[in-house]
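Worksheet for the structure shown next.
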Amino acid sequence: MTDPRPGLATPFRTHTCGQLRATDEGTGARLAGWVHRRRDHGQLISLDLRDRHGLTQVVVDRTEAPEAHAIASRTRSEFVVTVEGTVARRLDGTENTKLPTGEIELRATSVEILNEAKTPPFYINEPDAPVDESLRLKYRYLDIRREPMQARLMLRSRLVQAIRGVHHDNGFVEVETPNLIKSTPEGARDFIVPSRLQPGSVYALPQSPQQLKQLLMVAGVDRYFQIARCFRDEDLRGDRQPEFTQLDLEMSFVDEAAVMDFVEAMAIEVSRDVVPARHIQETPFPRFTYDEAMERYGSDKPDLRFSMELVDLAPALGTSSGFRVFDDALAAGGRVKAIVAPGMAGATRREIDELTESAKRFGAKGLAHLALEAGGEVKGPIAKFLSDETQRAIVEATKATEGDLILVVADTAAVVAEALGRLRTELGARLGLADPDVLAYCWVYRFPMYQWDVEGKRWDATHNPFSGVVPEDVELLATASGDPARPSPDDPAGRARAMQYDIALNGWELGGGSVRIHKRDLLERSFALQGYSVERMRNMFGAMLDAFEYGAPPHGGIAIGIDRWAALLAYQTNIREVMAFPKTQSGSDPMLDAPSAPDPGQYAELGLRFVGAPERRT
Ligand code: ASP
């Protein structure tokens, strides 16, 4: 049946290439699109015509339409054409059940070439053909013409539409904030933009709209959201880009639970709308304090699609297990913990070496292992140091069963968590433990407010510098010396917990936010601990400090990475796959050739001179 949606007909087409069905048989139609494939059978030429909406087979018969046939014989892949004709049923047995339009074909009466095309640098009509990513990025417009990118961009568009819908339904106001601002630090370097009108001055591109959204709360907007572009000049990784998009939101008169409850309901509604076939593992989303997440998973963004929790071996080992490495770690106040790799008791020497290398890469000095063999025997280089009783206690604590491999790290609490948490992720992937179709969301909250910055000799906010402290820890925002300008690693501030929450999905941090400090004096105290002098504070956050003297309501919010969310919903591990025009690993755009040397005239206008810039292409 003809798609009832109006509005896609234009002077070049009556229907899209995905629209015609058997019920349209006998009607006249005009299509426009790209030649996906051309088959020349002499008398008959068939053209698969493609647009974003689908594919329709066009048949041009020399006897029925000699002129159209002559033109069709000149077309090649990716030519842009418009075809007029009559919808006909395909002959019995020639239908294509894989195509929604597969029961029909368009018998052409006229063909017009709207534009020719060179042979593309890679096949557009073979979605699975591997293509080097640099080539894909250089010819991104051709890459996006391919089916997989089209599907992903459409998913992303639906995602953003769904997000907007839920926010509008819940009393949020969409407000745009500027991109030329003064620095809002989020722990990365700023991109700066020199001002022509005020030579010698620069704008910063926002690392996030953090200060502006808080100011909107002071302004009484009550509930704000924005699909916001953010810019952070940092080294790129799989899930990082210098510019990226956040769902940024802020709410007034809320506590942590109110923000988390809204965001959770929103995430559920959006997921069900955009990817209805994907199962959400658990609702309400599991919530872990930071301490609990680190204790159980060694990560503040655990992948909950599989269990493999970290097990504390201290009770099983007692004070003298017989293995010095374990005993020493415990005596020094450290931890000895294990994870169980199911079915890996028969791991080869090489596999064990690889796991050990991973553990070392994540900071551990080594990785001990015990294999639980058939018959219940415990094997491994350290087994001889441990009594039968200790071995049994370890097996019991870890709940390992025959055929499993127990992996143990002994070190400081932080190293044990990091090494085993990362190994857990690695093993989950290696053993295929995570169901790719499942969406396992969870919350991690109550993060430490600060971490000690050894070099800067100051407390660094673990998230953003505006996060609030949990009410019972307010008194901890202090230094041992009593002088806020002289912080030290032993300060009570190190124990303060933030009203900070992160949302994770399938092992990725999807977003994070907090209930904020909304009182000026407390904000100043927190900034002082973070090493800001009064002068620098005023210089960087003057507007915010002033605003807080004009009736700032209690408020909190969150930002969620749209690129990451879209990637996970589209089964991708790299956010570039869901961005129309991403940058390469070195931050360049090979299509537009950016960044590039500025025009010398621009330097002069901006009062700039590049000192020691490497020689550039002209
Ligand atoms: N501005 C924070 C960020 O971009 C999120 C927030 O706290 O709302 O990570």
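Computed from the coordinates by the stated procedures, all read-outs in this text should not be read as laboratory data. As the structure is a prediction and not an experimental result, all values here were calculated from the model. Virtual Cβ from ideal backbone geometry, glycine too; neighbours counted across all protein chains shown.
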Condition test on TRP565, is it buried (at least 20 other Cβ atoms within 10 Å of the Cβ), hydrophobic (A, V, I, L, M, F, W, C) and within 16 Å of the ligand (Cβ to nearest atom)?
yes
Would you check if there is a residue in the range 274-282 being without any contact (Cβ under 8 Å) to a residue 60 or more places away in the chain, surrounded by fewer than 20 Cβ atoms within 10 Å (Cβ to Cβ) and either away from the ligand (no atom under 13 Å from the Cβ) or of a type outside the set (Gly, Ala, Ser) (or both)?
yes
Within the range 472-507, work out how many residues are under 24 Å from ASP261 (Cβ atoms) and surrounded by 17 or more Cβ atoms within 10 Å (Cβ to Cβ).
12
Identify, please: which residue in the range 508-520 is more than 11 Å from the ligand (Cβ to nearest atom) and more than 12 Å from the chain's Cα centre (by Cα) and is, among those, surrounded by the most Cβ atoms within 10 Å (Cβ to Cβ)?
ILE517
With respect to TYR445, is the statement that it is closer than 23 Å to GLN214 by Cβ and among the hydroxyl-bearing types (Ser, Thr, Tyr) true?
yes
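Looking at PRO120, PRO178, PRO185, PRO199, which one is in contact with a Gly (Cβ under 8 Å, 6 or more places away or on another chain) and within 30 Å of PRO595 (Cα to Cα)?
Selected residue: PRO199, the only one of PRO120, PRO178, PRO185, PRO199 that is in contact with a Gly (Cβ under 8 Å, 6 or more places away or on another chain) and within 30 Å of PRO595 (Cα to Cα).
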Taking the range 515-543 as the region of interest, how many residues are more than 19 Å from LEU212 (Cβ to Cβ) and out of contact with any strand residue (DSSP E or B) (no Cβ under 8 Å at 6 or more places or on another chain)?
10
Is it true that LEU523 is over 30 Å from the mean Cα position of the chain (by Cα) and within 16 Å of the ligand (Cβ to nearest atom)?
yes
Selected residue [assigned to a helix (DSSP H, G or I), surrounded by fewer than 17 Cβ atoms within 10 Å (Cβ to Cβ) and not charged (D, E, K, R)] from ALA162, ALA151:
ALA151
Could you please find all residues in the range 381-400 being without any contact (Cβ under 8 Å) to a residue 40 or more places away in the chain and over 12 Å from ALA338 (Cβ atoms)?
PRO381, ALA383, LYS384, ASP388, GLU389, GLN391, ARG392
Please state which one of GLU243, GLU250 is within 14 Å of the ligand (Cβ to nearest atom) and surrounded by fewer than 20 Cβ atoms within 10 Å (Cβ to Cβ).
GLU243
Kindly establish whether ALA258 is out of contact with any Asp or Glu (no Cβ under 9 Å at 6 or more places or on another chain), small (Gly, Ala, Ser), more than 18 Å from ALA434 (Cβ to Cβ) and within 16 Å of the ligand (Cβ to nearest atom).
yes
So is GLN226 touching a residue at least 12 places away in the same chain (Cβ under 8 Å), within 16 Å of the ligand (Cβ to nearest atom), within 30 Å of GLU426 (Cβ to Cβ) and out of contact with any His (no Cβ under 9 Å at 6 or more places or on another chain) or not?
no
In the set VAL270, VAL259, VAL218, VAL263, which member is crowded, with 19+ Cβ neighbours inside 10 Å and over 30 Å from LEU523 (Cα atoms)?
VAL270
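Looking at ASP473, ASP437, ASP460, can you tell me which residue is of a type in the set (D, E, K, R), touching a residue at least 24 places away in the same chain (Cβ under 8 Å) and within 16 Å of the ligand (Cβ to nearest atom)?
Only one candidate qualifies: ASP460.
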Among the numbered conditions (1) in contact (Cβ under 8 Å) with a residue 40 or more places away in the chain; (2) surrounded by fewer than 21 Cβ atoms within 10 Å (Cβ to Cβ); (3) within 19 Å of LYS399 (Cβ to Cβ), tell me where ALA341 comes up short.
(2)
Show the residue pairs that are 6+ apart or on different chains and have beta-carbon atoms under 9 Å apart, the first residue being within the range 196-217 and part of a strand (DSSP E or B), the second being near the ligand (Cβ under 9 Å from one of its atoms).
ALA204/THR184
Residue check: is LEU313 within 17 Å of THR401 (Cα to Cα) and in contact (Cβ under 8 Å) with a residue 40 or more places away in the chain?
yes
